[in-house]
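The values are calculated or read from the model by the stated rules, or taken from the named source; none is laboratory data. In this text the structure is predicted, and so the values were computed from the model without any measurement. Counting neighbours? That spans all protein chains shown, and the Cβs are built from the backbone with ideal geometry, glycine included. Only protein heavy atoms, including side chains, enter the accessible area calculation; ligands, DNA and RNA are left aside. Shrake-Rupley method; radii C 1.70, N 1.55, O 1.52, S 1.80 Å.
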Amino acid sequence: MATLEKISAFAGKTFTVWVLIFAVIAYFLPQHFAWIGNYIVPLLGIVMFGMGLTLELSDFKEVFKKPLEVALGVIGHFVIMPLIAFLLAVGLNLPKDIAIGVILVGCCPSGTASNVMVFLARGNVALAVAIASVSTILAPIVTPLLILLFASKWVHVSVLSLFLSVVQVIIVPLLLGFIAKRFFGKQARAGAKAMPLVSVVAIVLIVAGVVAGSAEKIAQTALLVFAVVILHNLLGFIIGFFFARLCGMDLAKQKAVSMEVGMQNSGLGVALATAHFSPLAAVPSAIFSVWHNLSGSLLANIYSRMKDKKAVKPDANPAASQHV
């Protein structure tokens, strides 16, 4: 088990590298990875089950201790990213499927790796975990409504179908993981140590499957999609940071809100695009999955060097590093 834990930790630390490697391989050898497209939903379910295994009731105590700050973080996430996505889609006159894909990823809840980035950035981890958890729980209602609001310009949107998909992909496996931890604590704790490895493999396969399934379209639109995804993510980080500052939060909380706003559960975007829209609409989410981990790591390094003038000591919760 110790060896598996070390391998799992290594996989978590080098996650972005593996995603990049297999995305490139899948692009040039799509015939070997296209079949994975049929298994995106169960693969994402595995990732969310792993997240459920690491959830604690204490993760929600910040909601009751600082409800206004958590609410502001969640509102910031669900307002800033969808709005940026819509403005980019309209302003750059993006092709239909790419526009839908960018809006999909913008409407998703907070990313499962954001808590790790906040910890590395020396931000307020307790606030970050609360924002990520609440945004994930609200996703079945909020994400479909946001997609209806922002994407209906390009395509018919079925809120009920999207609601059922988000529940199936996110909420059910998350609850199963949480229940497993409550009733099978010892086994669940042992399993949680291997979940970073399992989650990395699952996300790598998801990205590879999407890239392989859309290799031809990516060749035609790669530069545009990359530019939009990078701009979307960076604007989310920047606006999230200054939004938190405007709300009077200290530096540690500004870092947390910045990361939680800028990082999305792009795996959900892939699943929704594949199930309800088109393979090309899944590409922005797949690229976002690679890019936001890279940009998040770089930003965490920058943030870790920043110190609050008021010398407020940020909360630290190493346990959050179990989230992948």
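Below, the figures for the structure above:
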{"read-out": "From L87, L138, L148, L94, residue being in a loop (DSSP other than H, G, I, E, B) and either under 19 Å from V41 (Cα atoms) or aliphatic (A, V, I, L, M) (or both)", "value": "L94"}
{"read-out": "Some residue of region 114-133 being more than 20 Å from V283 (Cα to Cα), surrounded by fewer than 24 Cβ atoms within 10 Å (Cβ to Cβ) and aromatic (F, W, Y)", "value": "no"}
{"read-out": "Total residues in region 141-155, condition surrounded by fewer than 24 Cβ atoms within 10 Å (Cβ to Cβ) and under 25 Å from G296 (Cβ atoms)", "value": "1"}
{"read-out": "Residue count, region 97-113 (criterion: in a helix (DSSP H, G or I) and either open to solvent by 10 Å² or more (accessible area, probe 1.4 Å) or on the phi > 0 side of the Ramachandran plot (or both))", "value": "1"}
{"read-out": "Number of the exception - T112 against (1) at pLDDT 90 or above; (2) closer than 16 Å to I171 by Cα; (3) of a type outside the set (K, R)", "value": "(1)"}
{"read-out": "Hits in region 232-251 - residues which are open to solvent by 10 Å² or more (accessible area, probe 1.4 Å), among the small types (G, A, S) and assigned to a helix (DSSP H, G or I)", "value": "none"}
{"read-out": "When residues of region 178-205 are limited to those that are of a type outside the set (A, V, I, L, M) and under 18 Å from the mean Cα position of the chain (by Cα), the one modelled with the lowest pLDDT", "value": "P196"}
{"read-out": "Residue pairs meeting the criteria (Cβ under 9 Å; at least 6 apart or on separate chains; first within 11 Å of F22 (Cα to Cα) and open to solvent by less than 50 Å² (accessible area, probe 1.4 Å), in region 194-221; second at pLDDT below 80 and aromatic (F, W, Y))", "value": "I203/F15; V204/F15"}
{"read-out": "Top-ranked residue of region 253-270 - restricted to ones that are within 20 Å of M117 (Cα to Cα), in contact with a Phe, Trp or Tyr (Cβ under 8 Å, 6 or more places away or on another chain) and not β-branched (V, I, T), ranked as modelled with the lowest pLDDT", "value": "S266"}
{"read-out": "Test result for V229, in a helix (DSSP H, G or I) and surrounded by 22 or more Cβ atoms within 10 Å (Cβ to Cβ)", "value": "yes"}
{"read-out": "Residue ID - nearest to T3 (Cα to Cα), chosen from residues in region 165-193 that are of a type in the set (K, R) and surrounded by fewer than 17 Cβ atoms within 10 Å (Cβ to Cβ)", "value": "R189"}
{"read-out": "Options I46, I80, I75: the member that is surrounded by fewer than 22 Cβ atoms within 10 Å (Cβ to Cβ), free of Cβ contacts under 8 Å to residues at least 24 places away in the same chain and hydrophobic (A, V, I, L, M, F, W, C)", "value": "I75"}
{"read-out": "Matching entry among L72, L57 (being modelled with pLDDT of 85 or more and among the aliphatic types (A, V, I, L, M))", "value": "L72"}
{"read-out": "Condition check for A273: modelled with pLDDT under 80, open to solvent by less than 70 Å² (accessible area, probe 1.4 Å), among the aliphatic types (A, V, I, L, M) and not in a loop (DSSP other than H, G, I, E, B)", "value": "no"}
